[in-house]
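Below is one structure; the comments refer to it alone.
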Amino acid sequence: MDFDLTEEHRLIQQTARRIAQEVVAPRAAEVDETGVYPEDYFQAFKQAELLGITLPKAVGGAEAGTLALTLAVEEMSKYDCSAGLMLLLSSLSTHTVKFFGTPEQQASYIGPVARGEKKAAFCLTEPDAGSDVANLQTRAVRDGDDYVITGQKCFISGGPIADQVVVFAKTNPPDPRSLNAFLVDTSMPGFEVTSVDRKMGVRGVPTGVLTFDNVRVSKDRLVGGTEGLGMKGPLTTLMSLRPVVGARGLGLAEGCLTYALNFARERRAFGGPLTDLQAIQMKFADMAIEIEAARQLVYQGSWMIDQGRYGPEHGHMLAIAKAFATETGNRVASSALQILGGQGYMMDHPLERHYRDARQLMIVEGTSEVQRVVIARALIDRNLVYP
Ligand SMILES: Cc1cc2nc3c(=O)[nH]c(=O)nc-3n(C[C@H](O)[C@H](O)[C@H](O)COP(=O)(O)OP(=O)(O)OC[C@H]3O[C@@H](n4cnc5c(N)ncnc54)[C@H](O)[C@@H]3O)c2cc1C
């Protein structure tokens, strides 16, 4: 068992850490308060070639793997969970095409995202189909050499600022086997950003409702070129990034611990620093235990994906990593805020922001409950056994 990072991993980690400290950290509070998309983060990521970490070299990506993305996302999320999401999003919005697209689709759709020339989004969730993906209603009707797409997608991260999106639609509803993915430019007639969400946290990346009203795309925008993608399209994409969502929770937790510890060293109560109080010490120890456990799960899950182990038979380990690390982010953010006392509740410190941001992580890309459904199913089916 080799727990060492490669030279390439370390290099990406260091680059991400530098950008996180120099570009992201000073701006994070302002980005949260204004809710304005941080184009300066994006340009810094582009310049450092961090946007194509998991994307093929053939189209301009770095092809450095999932663990490399995890390390970069972890660094960003120490200061701003939105920055972690921005890096994750370039993979989420393209992986369906990476796994199932034709070489031409990879060049035309993934290439510009990997090179930071275009922004993209992943359009799966609908008002009446979130966890229950098989129930989605958006339809794509074949018309000559085209498909005509009609439906509505909601909560789409980066949707309001995307140049292009991958959208899931059924060609023969309600049959879930007729689920397919299509590539849509947001400049196409019939596409509209209907509304932008007002939300609790992760305010640097806008989410919104996207409407497809008879959007006509040519058949070469059907991902893979032939119908029949089915549920494996969205599920493989989501599975390939579960530990990376966990990395957002891991980095956020580390950022919270570090901030609270620095505070506790200085803050005095009962004749000494807070760090002298055993009740406070125990909180820090508990945080470190959870963070290190989350790190093992997240790094292992990322490594598994890099070994090609992200099929249904591996789903429970990826689900465990996602659930534990995102819930760690929530627990640690809460404890760290508590250590600051009244000041923790105030916007003068970043902990209330981390606390709000953390809450998103237990909902997106498969809720904590859905991860537990996957884990329980693996136990019941004897796919996860402790002989
Ligand atoms: C900020 C934000 C960004 C997002 N970004 C994107 C994006 O970029 N692209 C995209 O497609 N979607 C995105 N989503 C949508 C997200 O993936 C869904 O919100 C999530 O999958 C849950 O779906 P839902 O909201 O419809 O809740 P529901 O599926 O209606 O679930 C409601 C509750 O029931 C529970 N539940 C549902 N089914 C089960 C079950 N079988 N067993 C036990 N409990 C269950 C859930 O865990 C939840 O607690 C985003 C959401 C948010 C909040």
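Each reported figure results from applying straightforward, stated rules to the coordinates on display, with no laboratory input. Computed from a prediction, not measured in an experiment: that's the story for all the values here. All Cβ positions, glycine included, derive from the backbone under ideal geometry; neighbour counts span all protein chains shown.
Numbers below:
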{"item": "Highest average packing first - 340-351, 42-53, Cβ atoms within 10 Å", "result": "42-53, 340-351"}
{"item": "Per-peptide average of other Cβ atoms within 10 Å, ordering 83-95, 313-325, 279-291 highest first", "result": "83-95, 313-325, 279-291"}
{"item": "Rounded FRET efficiency, nearest 0.05, which uses the C-beta distance separating Glu313 from Thr102 and R0 of 30 Å", "result": "0.65"}
{"item": "Segments 140-148, 66-74 sorted - mean Cβ within 10 Å per residue, highest first", "result": "66-74, 140-148"}
{"item": "Rounded, prolate or oblate (a/c below 1.5 giving rounded, otherwise prolate when a/b exceeds b/c) for the stretch 11-144 by Cα gyration tensor", "result": "oblate"}
{"item": "Set Lys98/Lys322; Lys98/Lys219; Lys199/Lys322; Lys153/Lys199; Lys78/Lys283; Lys46/Lys199 screened for pairs whose C-alpha atoms are more than 24 Å apart", "result": "Lys46/Lys199"}
{"item": "Exposure proxy order (Cβ contacts within 10 Å, fewest to most) of Val36, Val205, Val59", "result": "Val36, Val59, Val205"}
{"item": "Gln338 versus Asn135: modelled label distance in nm, points set 7 Å from Cα along the beta carbon direction", "result": "3.6 nm"}
{"item": "Euclidean distance of C-alpha centroids, the stretch 320-387 and the stretch 60-99, integer Å", "result": "19 Å"}
{"item": "Residue order, fewest to most surrounding Cβ atoms within 10 angstrom, among Tyr109, Tyr41", "result": "Tyr41, Tyr109"}
{"item": "Crossing angle, helix 66-77 versus the chain [Cα axis fit, 0-90 degrees, rounded to tens]", "result": "50 degrees"}
{"item": "In nm, spacing of pseudo-spin labels at Asn262 and Asp175 (7 Å Cα→C-beta vector)", "result": "5.9 nm"}
{"item": "Electrostatic dipole magnitude of the stretch 7-114 [Cβ: Lys, Arg +1; Asp, Glu -1; Cα centre; debye, to 20]", "result": "260 debye"}
{"item": "Helix-derived mean residue ellipticity, 222 nm - over the chain, DSSP H n ≥ 4, -39500 (n - 2.57), to 500", "result": "-14500 deg cm²/dmol"}
{"item": "Residues Asp128 and Arg377, FRET efficiency given R0 of 22 Å [Cβ-Cβ distance, rounded to 0.05]", "result": "0.40"}
